[in-house]
Amino acid sequence: MVSELPATSLRWTCDPSTIGAKSTEDLKPLDILVGQPRAYQALLLGLTAKESGFNIFAAGPSQTGKTTTITDFLEEIGKGLPTPSDWCYVHNFEDEYQPTALRCPPGFGKQLKQDMREFIQAARVAIPQVFSGEDYAAKREEMAKRVNAKRQDIITRMSETAQESGFLLQLTAVGLTLVPIMKGRPMKPDEFAALPKETQQRLLQQREASMEKLEPLLRELREAEAAARDEILKFDRDVTLYAIDHLMSDLLKKYNSNEGIVRFLHTIQEHVVQDIDRFRGKTEEKPDARDEYLEEIGFRVYEVNVIVDNSDVKGAPMVLEQNPTYDNVLGRIERESRLGTLTTDFTLIRGGSVHRANGGFLIVRAEELLRDYLVYDSLKRALKASEIRIEDVPQRIGYASVRSLAPEPIPLDVKVILIGDSRIYQLLYAYDTEFRELFRVKAEFDSTMERTEDNVRKYAGFFATLATNESLKHLDASAMARLIEHSSRLAEDQDKLSTQFGLVADVVREAHFYADQDKSKYITAKQVEKAIEAKIYRSNLVQEKINEYIQKGIIFISTEGEVSGQINGLSVLSLGDFSFGAPSRITVAVGLGKEGLIDVQREVAMSGPIHGKGVMIIAGYLASKFSRDKPLTLSARIVFEQNYEGVEGDSASSTELYAILSALANVPIKQHLAVTGSVNQKGEVQPIGGANEKVEGYYEICKARGLDGLHGVVIPRSNVRNLMLKQEVLDAVKQGKFHIYPVSTIEEGLEVLTGKSAGKQLPDGGYEENTIYGLADKRLREMAETVKHFQAFAI
């Protein structure tokens, strides 16, 4: 005889005294979340291993605190690690299309950028001042006189040499030329043309000979002019160097400990000395706005573009990338419009989250990352090469149509933590070999943890952390106890607590709102209960509509009387954030035939494979019980009445089997009971999910129709530990108005549902008379004989 469950077995109750505090004010906030020892060990391995490929995939259901746990863990680890370098891009004076990456000590990048701006501004003032000074003008005039004197001396000697050959040396727009002398004066062109051809030829030959004599002097003149230009240029450069020497000396002294910055400063100094005209601003006319713009653009080559600034970072950085687009993760090269043309330079290079996380940790949600495979593939490429390349997307995929920048790669040393569910991890592990090499550590987050005294106290510490961090009202012991009970309800296990802290935290936040309305000092169990009920009320419109249709007789559900081949099955409907139990009528029609069990839902493609498997298991059970000495010659049609959306799952397989046996034995089933549970081929009733929702869903129907003391639910005995029913159901059980029967076998279930013994099998293979199995066996034997008779008659 199956005994119903007492109210004490239907719910675990948390004693507020076990928490060890009157309120969260008396508790120390937790540094990290609890209940994930396996994940902690994996995180510790992945974050401390120095070898390549020990990146982490944090897998597990949502709302388990994966992101919070990981960020807290990384913050703690990061404090003990060195702060990584700043990174800048500077102009490459040898190839402007390949900007140079410059490593700076943390915090130096921003300072270097400011110092360079101040240096250039000071140089633009100091250099023109030096060149406009009297000393510079005097020395330039002295140099010019010396150069002109030497030039004049060479020209005089050239003129004398020419005169000796009968020619006059003249300076023209195209250079020096020799003109024949006639009667002490230069011969005019028309006079030369009037000379006989022989005379003209002779003069030309003499001029060629004279030019050969003048060639050494011409070479000397060119060399003198070149030397003069070099001397003036060297002098101007020395003056420029003098003008900026004190400015550059201060910078070199300031950054003398960093070889890369010192080398960069020497390069800047050398280029400023060569770029004298830009700094002198040599324009005779007032420039227009276009010229001023171009002039300012020219000075960009001396800027410093800081793409990673760790001046405010203490320890290793931790970056949580919320929007992992290609540009946001790997950086980008921007463009700007200059005089109607899109162009770019090194100052328009922007770093991504990989750059900011370099030397530390990068956290990305796997689902968001995989939405753009190019981002995922490029991140893997960076991890494999241990360097970051900033590329335009067309360049990255090999379809660049215009020339762009190719910045120098930056060395990469980062730990990447992907956060996702186990399904994504399994897909990546199965189909992406690179993923296995790069993400060697799986940190598995569990959705539940053991309900121990220590974990209960830690759970209370979580409430203290939540109240402190979010400035919520503190919770008293009764509120914490009710929330811990709610956690067990979420875990669907009396011996466990849910680690989906996000769901519990939402209840606390809403309870804070109600406590504020009640002007209560603390959040109490009353406000927690109100928050739980309010959330259900906001989401249970569909449940109420279904219950209404049942009450009005639109959906047929019997809660009284007895009917053969008809039973109330229980299922769970999920609406995303809310699940509820709903009864459905299952009927079986039995007749002669050889079709066996016919699942009407499967025949019309309204059931899934798991439900189909359950029906086949029922067929196996019936065969093992009744076909040892005869064939099963029946046609039994199983229908979920008024179901128009399909059936899936095997949680109703025991229910269907009860209805079949009832129809075969013609023994009525008590309609005031509802049933759930799957069955195996041995007739053992197996556990199902959603036990609480199913029980409460049927209770609501019975309560609306009026509890008569007979109503109840039959559940698998193995589901008893999953019961965390609401107080209203417990009260009804205590008062004898509602009953819950746990069963382990089909035989036990039949006795509860029919009040009749299932029956034991006899040595001859039959069953005890006047039992359900005996009556069913007799009916099947009669059906076999009838079919045999008709077959013989047909012959």
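Each value in this text was obtained by applying a stated rule to the coordinates, not by laboratory testing. The structure presented is a predicted model; accordingly, all values stated were derived computationally and were not measured. All Cβ positions, even for glycine, are placed from backbone atoms using ideal geometry, and neighbour counts span all protein chains on display.
With both partners inside the chain, how many of the DSSP beta bridges are antiparallel, as a percent to the nearest 5? Provide the component values of the computation, followed by the final result.
Details: 50 of 83 bridges.
Around 60 percent antiparallel, to the nearest 5.
With 26 Å as the cut-off, how large is the P(r) tail for the stretch 545-794, expressed as percent of Cα-Cα pairs? If you can, show how the numbers build up before the last one.
Working: 11698 of 31125 pairs.
Value for the stretch 545-794 (Cα pairs over 26 Å): 38 percent.
Which FRET efficiency value, to the nearest 0.05, do you get for Phe556 and Asp731 by plugging their Cβ-Cβ distance into 1/(1 + (r/R0)^6) with R0 = 22 Å?
Values: r = 29 Å, r/R0 = 1.32.
The pair Phe556/Asp731 has a calculated efficiency of 0.15.
Quick check on the stretch 545-794: of the DSSP beta bridges with both residues there, what percent are antiparallel, nearest 5%?
Values: 22 of 37 bridges.
Antiparallel bridges make up about 60 percent of those DSSP assigns within the stretch 545-794.
May I ask you to give the average projected area over all directions of the convex hull of the Cα atoms of the chain, in nm² rounded to one decimal? Spell out each step's value before the answer.
Working: hull surface 256.6 nm².
Value for the chain: 64.1 nm².
Scale the Cα Rg of the stretch 364-431 by the rule-of-thumb value 2.2 N^0.38 Å and send over the ratio, two decimals. Mind dumping the intermediate values first?
Details: Rg = 14.2 Å, N = 68, 2.2 N^0.38 = 10.9 Å.
Output field value: 1.30.
Determine ³J(HN,Hα), in whole Hz, for all residues of the stretch 659-669 in sequence, where each value follows from phi through the Karplus function 6.51 cos²θ - 1.76 cosθ + 1.60 and θ = phi - 60°; x replaces Gly and Pro.
Residue by residue, the stretch 659-669 yields 5, 5, 5, 5, 5, 5, 7, 6, 10, x, 9 Hz.
Based on the Cβ-Cβ distance from Thr161 to Lys188, what FRET efficiency comes out when R0 is 35 Å, to the nearest 0.05? It would help to have the intermediate numbers written out before the result.
Numbers: r = 23 Å, r/R0 = 0.65.
About 0.95, to the nearest 0.05.
How far, in degrees from 0 to 90, does helix 422-431 lean away from the longest principal axis of the Cα atoms of the chain, to the nearest 10?
60
Which of the GluC sites (Glu not before Pro) found in the stretch 436-482 are in a DSSP loop and have at most 13 neighbouring Cβ atoms, other than their own, within 10 Å?
Working: sites: Glu437, Glu444, Glu450, Glu453, Glu470; in loops: Glu470.
Of the GluC sites (Glu not before Pro), the ones in loops of the stretch 436-482 whose Cβ has at most 13 other Cβ atoms within 10 Å are Glu470.
Cα to Cα, under 14 Å, and not fewer than 8 places away if on the same chain: which aspartates and glutamates meet these conditions relative to Lys625?
Output for Lys625: Glu684, Glu747, Asp764, Glu768, Asp777.
For Asp421 and Tyr97, what is the calculated FRET efficiency with R₀ set at 56 Å and r taken between the beta-carbons, to the nearest 0.05? If you can, show how the numbers build up before the last one.
On the way: r = 44 Å, r/R0 = 0.78.
According to the calculation, E is roughly 0.80.
Over 20 Å between Cα atoms: which of Lys234/Lys254; Lys188/Lys213; Lys50/Lys380; Lys458/Lys496; Lys670/Lys734 fall into that group? Spell out each step's value before the answer.
Working: Lys234/Lys254 28 Å; Lys188/Lys213 23 Å; Lys50/Lys380 18 Å; Lys458/Lys496 14 Å; Lys670/Lys734 22 Å.
Result: Lys234/Lys254; Lys188/Lys213; Lys670/Lys734 exceed 20 Å.
At q = 0.20 Å⁻¹, what log₁₀ I(q)/I(0) does the stretch 566-659 have when each alpha carbon counts as one equal point scatterer in the Debye sum?
The Debye formula, applied to the Cα set alone, gives -0.99.
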